[in-house]
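A.B. asks: Quick one: the structure is below, and I'll ask about it shortly.
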Amino acid sequence: DAGITQSPRHKVTETGTPVTLRCHQTENHRYMYWYRQDPGHGLRLIHYSYGVKDTDKGEVSDGYSVSRSKTEDFLLTLESATSSQTSVYFCATRIRLATDGYTFGSGTRLTVV
Amino acid sequence: ILNVEQSPQSLHVQEGDSTNFTCSFPSSNFYALHWYRWETAKSPEALFVMTLNGDEKKKGRISATLNTKEGYSYLYIKGSQPEDSATYLCAPDNDMRFGAGTRLTVKP
């Protein structure tokens, strides 16, 4: 278990407000990811990081930004939340690529009203 | 195949039935394929990682095979139990994408 903590676990916010979700890991894993879970789509990659200050976009990155100033923290920010961003957000980490799988956090349920 | 595709999307079986489902993925630049088990209201958990063509992995009643040349993997569950009810995800390693999953429901 990589010791991944996501915060908050649940959040309700209003359309147009900024929201930041935090992913904290204690195992010094290099790679970190943010996914969103939506019915019929499974997990879709928002952004990922391959090291401190090294991030890149995933397939559904519009409306989201990320930052990784420390190995252990990966922040996901919704600059101006929209109802289409209502979802469950999962953070995941990996030690290395290829044969090491993902370890997931418990998820953050975000509702934008 | 440009995307990761899983079929069927959902499956309902009776307790004791054996079942299988498919993950299709781009065969180019293949490194590894991961299978995950995802129970409702929980986080996905790793089942298998497979790397070699012809690979077969087994964990209890669950097994998986891999064909990297044609880009598919099968997951088999023998003698399904209600506790096997979950969504099963596959993820090839080359682009961080997951399939949409196969949702398995096992009825007692």
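The values are calculated or read from the model by the stated rules, or taken from the named source; none is laboratory data. Not measured: the values here are computed from a predicted model. Methodologically, a virtual Cβ is constructed for each residue, glycine included, from the backbone with ideal geometry; neighbour enumeration extends over all protein chains shown.
A.B. asks: Does the stretch A:47-69 contain any residue that is in contact with a Lys or Arg (Cβ under 6 Å, 6 or more places away or on another chain), more than 19 Å from B:A86 (Cα to Cα) and aromatic (F, W, Y)?
C.D. replies: Checking the stretch A:47-69: not a single residue is in contact with a Lys or Arg (Cβ under 6 Å, 6 or more places away or on another chain), more than 19 Å from B:A86 (Cα to Cα) and aromatic (F, W, Y).
A.B. asks: May I pose another question? For the stretch A:97-109, check the following and say yes or no: at least one residue is more than 14 Å from chain B (Cβ to nearest Cβ) and either surrounded by 15 or more Cβ atoms within 10 Å (Cβ to Cβ) or over 24 Å from B:Y31 (Cβ atoms) (or both).
C.D. replies: Just the residues of the stretch A:97-109 that are more than 14 Å from chain B (Cβ to nearest Cβ), to begin with: none.
No - not one qualifying residue is present in the stretch A:97-109.
A.B. asks: Out of the stretch B:34-59, which residues are more than 13 Å from chain A (Cβ to nearest Cβ) and at pLDDT 95 or above?
C.D. replies: Going through the stretch B:34-59, the residues more than 13 Å from chain A (Cβ to nearest Cβ) turn out to be B:53-54, B:56, B:58-59.
Across the stretch B:34-59, the qualifying residues are B:E56, B:K58.
A.B. asks: Also: Between a residue in the stretch B:12-33 that is away from every other protein chain (no Cβ under 14 Å) and any residue that is part of a strand (DSSP E or B) and of a type in the set (S, T, N, Q), which pairs come within a Cβ distance under 7 Å, given they are 6 or more apart or on different chains?
C.D. replies: Note: pairs meeting the criteria are B:H12/B:T105; B:V13/B:T19; B:T22/B:Q6; B:T22/B:S7.
A.B. asks: Can you pull out the residues in the stretch A:73-96 that are crowded, with 18+ Cβ neighbours inside 10 Å and of a type in the set (D, E, K, R)?
C.D. replies: Correct list: A:R94 only.
A.B. asks: If you go through the stretch A:30-45, how many residues are outside any strand (DSSP E or B) and under 15 Å from the mean Cα position of the chain (by Cα)?
C.D. replies: Within the stretch A:30-45, the subset outside any strand (DSSP E or B) is A:30, A:39-41.
Next cut, under 15 Å from the mean Cα position of the chain (by Cα) only: A:30.
Selection size over the stretch A:30-45: 1.
A.B. asks: Additional query: Give me the residue from the stretch B:12-31 that is within 13 Å of the chain's Cα centre (by Cα) and in a strand (DSSP E or B) and, out of that set, surrounded by the most Cβ atoms within 10 Å (Cβ to Cβ).
C.D. replies: B:C23
A.B. asks: Given B:K107, B:K78, which one is surrounded by 14 or more Cβ atoms within 10 Å (Cβ to Cβ), away from chain A (no Cβ under 14 Å) and either farther than 17 Å from B:A32 by Cβ or at pLDDT 95 or above (or both)?
C.D. replies: Numbers: B:K107 fails: surrounded by 14 or more Cβ atoms within 10 Å (Cβ to Cβ).
Of B:K107, B:K78, the one residue that is surrounded by 14 or more Cβ atoms within 10 Å (Cβ to Cβ), away from chain A (no Cβ under 14 Å) and either farther than 17 Å from B:A32 by Cβ or at pLDDT 95 or above (or both) is B:K78.
A.B. asks: Being out of contact with any strand residue (DSSP E or B) (no Cβ under 7 Å at 6 or more places or on another chain), of a type in the set (D, E, K, R) and free of Cβ contacts under 8 Å to residues at least 60 places away in the same chain is the requirement here; does A:D73 meet it?
C.D. replies: Taking the combined requirement at face value, the residue does not satisfy it.
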